[in-house]
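Take a look at the structure below.
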Amino acid sequence: MDFGTLAYGCWRFAGNSTPEADRLIRTALDAGITLIDTADIYGFGEARGFGGAEVVLGEVLAADPSLRERMVLTTKGGIIPPRPYDSSRDYLMGALEASLSRLGVDHVELYQIHRPDLTTPMRDLAQTLDAMVSSGRVGAVGVSNFTPAQVSALAAHMSAPITTLQPEFSVLHQDPITDGTLDLAQEIGATVLAWSPLGGGRLFTQDGPVQRAVAKLGRETGYSATQIALAFTRGHGADVVPIIGTQTPERVEEAAVEMALTARQFYDIVEAYRGEAMP
Ligand SMILES: NC(=O)c1ccc[n+]([C@@H]2O[C@H](COP(=O)([O-])OP(=O)(O)OC[C@H]3O[C@@H](n4cnc5c(N)ncnc54)[C@H](OP(=O)(O)O)[C@@H]3O)[C@@H](O)[C@H]2O)c1
């Protein structure tokens, strides 16, 4: 499946009016983004509550159904406070149907398990995900916030491929480089969807060695901190697609301007994060 090179995420999306949400989605699609990432939990604790971000996106799609054809749509399930995680078959099958209903669609291209439920056997989750794919309601499946060992345990029981892994990955959170996530993705041929690729905004609000390294590269290359941080995630040898979450349409357009770091520039950022030169 082609996920493009940049995705737009709806974690911060539930507070938008329908016109504001429409503008963001339209701006993303017009800028060349196709993958729109949401989740049933987005909006929980806010005015619209659980499912709120899917409801707003559903309103945008209902107002202009042609937008649906332009996007690769993915949602996630499996977080249900206060339990807090449930990957049982009955729960997930119901959660998928509820997500499709809120979005007003009959299928999604990708369904992801948001966080691992430690109480559900991986064998059972594998059967559930395979059943989702067989049902035609889901084009492919993926997992988020799973350790590499959890992904391997799940993959061992699945017939369908695990198409995506969704870890936090950015200049400010480089654990997936060293914890095996990006290596496992390459082993099983999965695309990595990097959440909070701008550190959830910490790239701009904090000043540390990584922010300073990014700013220096900005002065050298003429690209913005956003563009450099996104290029960093794509600079790794794994297939990485960063998911941005800005609520500012102009920042979506800025993020869609791609640049490529040289290997030396990529390692400058790794070294700034590590606090020492590569061995
Ligand atoms: N699977 C998971 O567990 C998980 C967890 C978290 C997120 N996600 C996914 O990843 C997506 C992105 O996450 P994210 O929103 O944290 O990503 P992000 O793009 O790293 O951070 C977005 C934040 O950065 C701010 N920002 C962006 N450009 C800025 C600039 N030039 N100056 C100042 N602030 C700036 C935005 O503010 P403005 O809105 O004001 O521009 C927003 O608050 C989510 O929507 C979701 O789809 C998944």
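Annotations for the structure displayed:
- Helices (runs of 4 or more DSSP H) contained in the range 165-279 and holding at least 2 residues in contact with a Pro (Cβ under 6 Å, 6 or more places away or on another chain) and without any contact (Cβ under 8 Å) to a residue 40 or more places away in the chain: 181-188
- In the range 35-84, the residues that are surrounded by fewer than 22 Cβ atoms within 10 Å (Cβ to Cβ) and of a type in the set (Ser, Thr, Tyr): 66
- Residue check, residue 164 more than 16 Å from residue 245 (Cα to Cα) and among the hydroxyl-bearing types (Ser, Thr, Tyr): yes
- Unique residue being farther than 22 Å from residue 39 by Cα and within 16 Å of the ligand (Cβ to nearest atom) when the list is 210, 151: 210
- You will find that of 68, 83, 89, the residue that is basic (Lys, Arg) and under 13 Å from residue 25 (Cβ atoms) is 68 and no other.
- For the range 165-190, taking the residues that are within 14 Å of the ligand (Cβ to nearest atom) and of a type in the set (Val, Ile, Thr), the one that is surrounded by the fewest Cβ atoms within 10 Å (Cβ to Cβ) is identified as 181.
- The set of residues in the range 229-251 that are of a type in the set (Val, Ile, Thr), within 12 Å of the ligand (Cβ to nearest atom) and crowded, with 22+ Cβ neighbours inside 10 Å comprises 233, 241, 243, 244.
- Answer from 197, 249, 279 - the residue that is at pLDDT 95 or above and closer than 19 Å to residue 168 by Cβ: 197
- Of the numbered criteria (1) closer than 14 Å to residue 256 by Cβ; (2) crowded, with 16+ Cβ neighbours inside 10 Å, the one residue 32 fails is (2).
The values are calculated or read from the model by the stated rules, or taken from the named source; none is laboratory data. As the structure is a computational prediction, the values presented were derived from the model and not from experiment. Glycine also receives a Cβ, built like all others from the backbone with ideal geometry; neighbour counts cover every protein chain displayed.
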